[in-house]
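The values are calculated or read from the model by the stated rules, or taken from the named source; none is laboratory data. For clarity, every value in this text was computed on a predicted model and none was experimentally measured. Using ideal geometry, Cβ is built from the backbone for each residue, glycine included, and neighbour counts are taken over all protein chains shown. Areas reflect the complete protein model, heavy atoms only, side chains present, ligands, DNA and RNA absent. Shrake-Rupley method; radii C 1.70, N 1.55, O 1.52, S 1.80 Å.
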Amino acid sequence: MRIPPPRSAFGVFRSLYWRLAAVFLLLLGVLALVYVYVTAYTAEMYFEDATQRLNAMVAPSIAHKIRPIVNGTIDPAAVRRLFDDAMVINPSAEVYLLDTAGAIIAYAAPDSLIRRKSVDLSPVLSFIRGTASPPIAGDDPRSATGRKVFSAAPIEEDRVLRGYLYVILGGEEFDSVARFLLGSYALRLGLRAMWLTLAGAAVIGLIAFRWITRGLRDAIGAVRRFQSGDHGARVPDSSSREVGALAVAFNEMADTIAAQIEQIRTMDNLRRDLVANVSHDLRTPLVSIHGYIETILMKEEDLSREDRDRYLRTVLQSTERLKKLVEELFELSRLEASDSAPVPEEFPIAELVQDVVQKHLILAERRGLRIATDVPRDLPFVYADIALMERVFQNLLDNAIKFTPRGGTVTIALAPAGGDVAVTVADTGEGIPRDELPHVFERFRRGRRPEDDQSAGAGLGLAIVKKILDKQGLTISVTSSPSQGTAFSFRLPSHHAGAPAVSAT
């Protein structure tokens with residue numbers, strides 16, 4: 001039997017548990033990254049929303065108090081006051097003065113920091129008109145691509161639009177503070193707590209996967225033990241429906257295989273016994289034949305006619321015994337090999353019994369026995385294979401005569417039994433011990449013969465009877481009492497009862 005090679009360390013990680021664990025950890029890592037990203041993005045949006053809502057009136061308040069454009073011209077002093085007031089209200093704010101096209105016309109910052117010459121007015125107008133919900137991001141003049149929340153207000157002179165006051169609410173200083181806060185202890189502590197939570201979830205998940213796949217691991221272990229020769233290995237019951245169904249299927253399969261293996265072992269033992277018994281039963285008559293013929297040849301001139309005839313009769317008996325053994329072996333093997341199926345037909349059972357009895361009368365008289373028949377009139381015809389049934393009666397009579405002492409009686413009784421015909425073949429022999437009754441139909445099973453019995457048998461007669469009846473769907477039973485005799489009984493279906501089930505095996 002092939003033993004599976006030991007698994008390597010790499011092979012262990014190819015198991016279902018580790019695959020599930022790897023997928024789970026990967027998903028957990030992806031979820032952690034998504035969670036961090038969504039949390040950071042949501043926090044940023046919330047902060048920008050709150051900042052814009054709280055500082056929405058910064059630009060309108062400054063524009064209402066200070067008029068930075070007078071007669072269509074920028075008033076430097078007013079612009080300076082405007083920038084100062086904005087710094088007072090919100091030190092992190094950056095203030096820009098835009099014309100009606102969005103071009104930056106004034107600002108309080110070095111020229112080297114300004115990356116844009118104009119800003120897009122679409123978000124500015126949406127903010128002023130209130131047609132969009134915060135946070136509304138606008139162009140950051142200090143970044144070529146950046147956008148930030150803002151406050152804006154129109155600058156009018158005599159109800160004529162002269163430009164826009166554009167206030168960036170989170171300037172570079174605010175960004176610096178935000179970056180500082182990202183590295184703060186509180187934030188690091190929060191991130192550590194999050195990672196510890198994820199690690200705990202990973203451990204709990206791995207334990208859960210270990211518990212979930214426990215039944216499958218048990219099943220795999222049972223399969224491997226069964227493969228290694230432990231045919232008693234079974235998968236334990238599992239609470240999981242899928243693994244439980246797998247366990248039931250495997251256990252049923254294992255039971256079937258174990259039963260077949262046991263059957264094969266039994267058949268192998270029977271084969272060995274058959275070979276041993278056949279060898280013994282063939283060797284005994286062959287040795288006898290060889291010995292007597294050799295004696296006749298060696299002492300041909302010295303043997304009297306009586307001795308020669310006695311030796312030849314012994315040789316003839318041995319050849320008859322050998323012939324009978326070969327015929328019985330051939331018949332049993334043919335029945336077991338199913339070379340031919342029974343051919344049932346209707347026939348009178350009483351006539352068949354009388355024919356068989358007539359053939360055995362001489363043998364019974366020679367042994368000092370009496371054969372009695374109990375056959376009522378008007379028995380119905382039976383439905384069976386007549387040739388095979390003749391063999392059954394012959395073997396049962398041979399067996400009864402062989403084990404009945406001189407002066408005994410062998411009886412064949414027929415009786416109607418509810419649509420069937422009951423058959424009983426009984427003798428008045430010594431009976432069969434109780435412990436041997438279950439084995440009487442086994443091949444080469446020989447009973448204890450009377451002391452004056454000189455016949456020999458191979459122990460195949462009753463095995464052939466059992467096989468013939470089995471092939472026709474019939475059952476034979478045996479009862480025996482010590483010192484009272486043995487009776488074999490079976491039933492044959494009558495022709496009106498219909499055909500019995502016929503086995504082809």
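The largest accessible area among I289, I264 belongs to the first residue in I264, I289, and the rest follow in falling order (1.4 Å probe, all chains).
Using 0.36 nm per residue of separation minus the Cα-Cα distance, give me the extension gain between I207 and A43 in nm, one decimal. Please list the in-between numbers first.
Details: separation 164, 0.36 × 164 = 59.04 nm, distance 3.37 nm.
Stretched out fully, the I207 to A43 stretch lengthens by 55.7 nm.
Taking I362, I261 and ordering them by how much accessible surface each has at a 1.4 Å probe, largest first, produces I362, I261. The H on the amide N of Y164, modeled in the peptide plane, is under 5 Å from the matching H of L98, D99, I155, each at least 5 residues off or on a different chain.
At a 10 angstrom cut-off on C-beta neighbours, averaged per residue, how do the peptides 461-467, 57-63, 295-301, 45-51 rank from highest to lowest? Mind dumping the intermediate values first?
Numbers: 461-467: 22.1, 57-63: 20.1, 295-301: 10.4, 45-51: 15.0.
Answer by packing, highest mean first, reads 461-467, 57-63, 45-51, 295-301.
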